[in-house]
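The values are calculated or read from the model by the stated rules, or taken from the named source; none is laboratory data. Here the structure is a predicted model, which means the values were calculated and not measured. Positions of Cβ are generated from backbone atoms using ideal geometry, with glycine treated the same way; all protein chains shown enter the neighbour counts.
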Amino acid sequence: MTTDYLWEEESSAKTETAADRRERWRDYLQRRQGSVGLGFSARDESNDFGWKTLAQVSGDLQIVRFSSGQVHYRRTVRDTKIDGDDGYRLMVPVRGEFKLAQGERAEIFTPGSVALFRWDLPVLMQQDEPLESLILTVPRHLVNHDLADSAPLALDVGRPLVPMLVNQINQLHADPGAWTTHDFRVAYRSTLVLLEGLLDRAQPLPEGRYALVAAQARETMERLADDLKLTPDTVARMCGVSRRTLYTALTTTDDVTPAALLREIRLARARERLSHPGTIQMSQIAEAAGYSSVRRFSTAFQRQFQLTPLQMREQLLV
């Protein structure tokens, strides 16, 4: 493996078919990151998916800035065995957001946040919108792997070292054509030294704290569910935590996402309204539950309770 510094830009072309664009993205990931499975939405299966990258490489040191359309990634046990990469990946979103899950941990990442995850373990990444992000390869032998293995999936953005780390990663990528091999490797390794210093004290919230956040979020949703302006973001602000922490607290404690919990509570309210005797307006019940149409409400209701709203009403009024 050569240690000479090089940088290269690649992208999909509008003249390519959608299938060719997707296949070239698979090939690029295989070459630059390793084996990983891809899933595309019906929309991007048709003609909308595109991608663009700029990679900087010197030996086992690599940083890639990429942008792509909506896509889901899955790295399985089989994938990890294919390429044998036992290092880590550091991801810093620039525009857009993605969800990342590894083991029992799951987080949502937005610009300003930093994800650190193991590449030798299965991982899921869900990107439901166009994303631009930096991804840094972290070789296992260049960091304290005991610290890295036990680090949280999302680094604590409240610590001053995190924005310093983001800034240093951005500096690595600022002018790719200006680096010499020596300077790039020195700057890259200094970034990993900063990361290791950050990991030395990086600890997730205690389980008890997550339980308190989850309980507070549930109480807030149940109390204010009729306010259709209430969203997971506003619930997080009311609980005094980040959207990411709220997501982790609820998925860790109750195995439910904030959006799913709010939907469940509103559908339970709709079920109560269906039990009222007398004339009801299904469109009003659907609107109060946060649905713009009776059809969408009925579909969600049946998925939740295995009965249509009318069937539920008949059962409740017996």
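Below, the figures for the structure above:
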quantity	calculated
Listing of strands (runs of 3 or more DSSP E) fully contained in the range 97-171 that carry 3 or more residues being touching a helix residue (DSSP H, G or I) at 6+ places or on another chain (Cβ under 9 Å), modelled with pLDDT of 95 or more and not hydroxyl-bearing (Ser, Thr, Tyr)	131-138
Some residue of the range 228-239 being assigned to a loop (DSSP other than H, G, I, E, B) and touching a Gly at 6+ places or on another chain (Cβ under 8 Å)	yes
Filter pass, Val123 being in contact with a Lys or Arg (Cβ under 9 Å, 6 or more places away or on another chain), within 17 Å of Val64 (Cβ to Cβ), surrounded by fewer than 19 Cβ atoms within 10 Å (Cβ to Cβ) and of a type in the set (Val, Ile, Thr)	no
Answer from Leu124, Leu61 - the residue that is closer than 23 Å to Asp146 by Cβ and among the aliphatic types (A, V, I, L, M)	Leu61
Residues of the range 249-300 satisfying the condition of being among the hydroxyl-bearing types (Ser, Thr, Tyr), at pLDDT 90 or above and farther than 22 Å from Val235 by Cβ	Ser283, Ser293, Ser298, Thr299
Residue pairs meeting the criteria (Cβ under 6 Å; at least 6 apart or on separate chains; first at negative phi and of a type in the set (Phe, Trp, Tyr), in the range 140-154; second assigned to a loop (DSSP other than H, G, I, E, B) and modelled with pLDDT of 90 or more)	none
Test result for Ala187, assigned to a loop (DSSP other than H, G, I, E, B), under 19 Å from Tyr88 (Cα atoms) and among the hydrophobic types (A, V, I, L, M, F, W, C)	no
Count - residues of the range 60-88 that are crowded, with 20+ Cβ neighbours inside 10 Å and part of a strand (DSSP E or B)	9
Test: residue in the range 261-278 that is surrounded by fewer than 17 Cβ atoms within 10 Å (Cβ to Cβ), farther than 26 Å from Arg218 by Cβ and not assigned by TED's automatic domain parsing to the domain that holds Ala214	yes
Total residues in the range 267-309, condition more than 37 Å from the chain's Cα centre (by Cα) and of a type outside the set (Val, Ile, Thr)	5
Tabulated pairs, the range 257-281, first within 15 Å of Gln302 (Cβ to Cβ), second assigned to a helix (DSSP H, G or I) and of a type in the set (Lys, Arg), C-beta under 6 angstrom, 6+ apart or interchain	Leu274/Arg313
Subset tally (residues that are part of a loop (DSSP other than H, G, I, E, B) and surrounded by 12 or more Cβ atoms within 10 Å (Cβ to Cβ)) for the range 279-291	4
First in the range 52-80 and in the same structural domain as Ala174 (by TED's automatic domain parsing) and more than 16 Å from Ala174 (Cα to Cα), second anywhere and of a type in the set (A, V, I, L, M) and assigned to a strand (DSSP E or B), Cβ under 6 Å, 6 or more apart	Val71/Leu38; Tyr73/Met125; Arg74/Leu124; Arg75/Val123
